[in-house]
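This report refers to the structure that appears directly beneath it.
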Amino acid sequence: MQTPPNDLAIPILPSRSVPDTVAFYQRLGFEGGPHSFDAGYAILRRGALELHFFAHPALVPAESWAGCYLRVQDVDSVYRAFAAHPLPGQGIPRLEAPQDKPWGLREFALVDPDGNLLRVGQVLNQGRA
């Protein structure tokens with residue numbers, strides 16, 4: 001089924017502190033902030049990527065199962081932009097280097113301070129993924 005180009009899925013991820021989450025993602029090049037009607041909700045954008053966050057003060061980052069996949073056109077440029085703001089390669093938060101995966105994607109992982117896992121990837125071979 002062909003989907004109209006304006007259809008879009010937007011992840012809504014938990015945040016222990018919306019202001020801290022906004023500051024973290026702004027360092028990575030996202031714009032936006034807390035919603036004007038609800039300071040416990042934030043909308044952040046980086047180009048065509050959009051993430052929403054809701055306040056969840058009781059969240060335990062090491063126990064979080066929240067995450068999403070962001071498919072991009074140039075995964076290496078997104079990785080370089082994120083890596084310009086050094087994060088460790090292990091623990092929470094962390095930034096893992098891009099790898100070519102056997103399922104036809106090149107991807108990297110970002111785990112934010114709240115334990116949200118963002119996999120960011122691009123299709124390597126249009127016929128495979």
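How much net charge surrounds residue 67 when only other residues with a Cβ under 12 Å from its Cβ are counted (Lys, Arg +1; Asp, Glu -1)?
Its environment carries a net charge of -1.
Please report, as a whole percent, how much of the solvent-accessible surface of the chain comes from carbon and sulfur atoms (probe radius 1.4 Å). Don't jump to the answer; show the numbers that get you there.
On the way: 4060 of 7630 Å².
Percent of accessible area from carbon and sulfur atoms in the chain: 53.
Using a cut-off of 13 Å between beta-carbons, work out the net charge of the residues near residue 25 (Lys and Arg +1, Asp and Glu -1, residue 25 not included). Mind dumping the intermediate values first?
Values: positive: 27, 45, 46; negative: 20, 31, 50, 112, 114.
Result for the neighbourhood of residue 25: -2.
One-quarter of the Cα convex hull surface for the chain, in nm²? Walk me through the numbers before you get to the answer.
Values: hull surface 35.2 nm².
The Cα convex hull of the chain, projected and averaged over all directions, gives 8.8 nm².
Taking the 0 to 90 degree range and rounding to the nearest ten, how far is the long axis of helix 18-27 tilted relative to the main principal axis of the chain, both from C-alpha atoms?
Approximately 40 degrees, to the nearest ten.
Rounded to the nearest 500, what is the 222 nm mean residue ellipticity of the chain from helices alone, with -39500 (n - 2.57) per DSSP H run of 4+ residues and division by all residues?
-4000 deg cm²/dmol
Over region 50-120, give the accessible area per residue in Å² for a 1.4 Å probe, as an integer.
About 53 Å² of surface per residue is accessible.
The values are calculated or read from the model by the stated rules, or taken from the named source; none is laboratory data. Just so you know, these numbers come straight off a predicted model, no measurement behind them. Note that we place each Cβ from the backbone using ideal geometry, even for glycine, and neighbour counts take in every protein chain shown. Please note that ligands, DNA and RNA were not included when accessible areas were found on the heavy atoms of the full protein model with its side chains. Shrake-Rupley method; radii C 1.70, N 1.55, O 1.52, S 1.80 Å.
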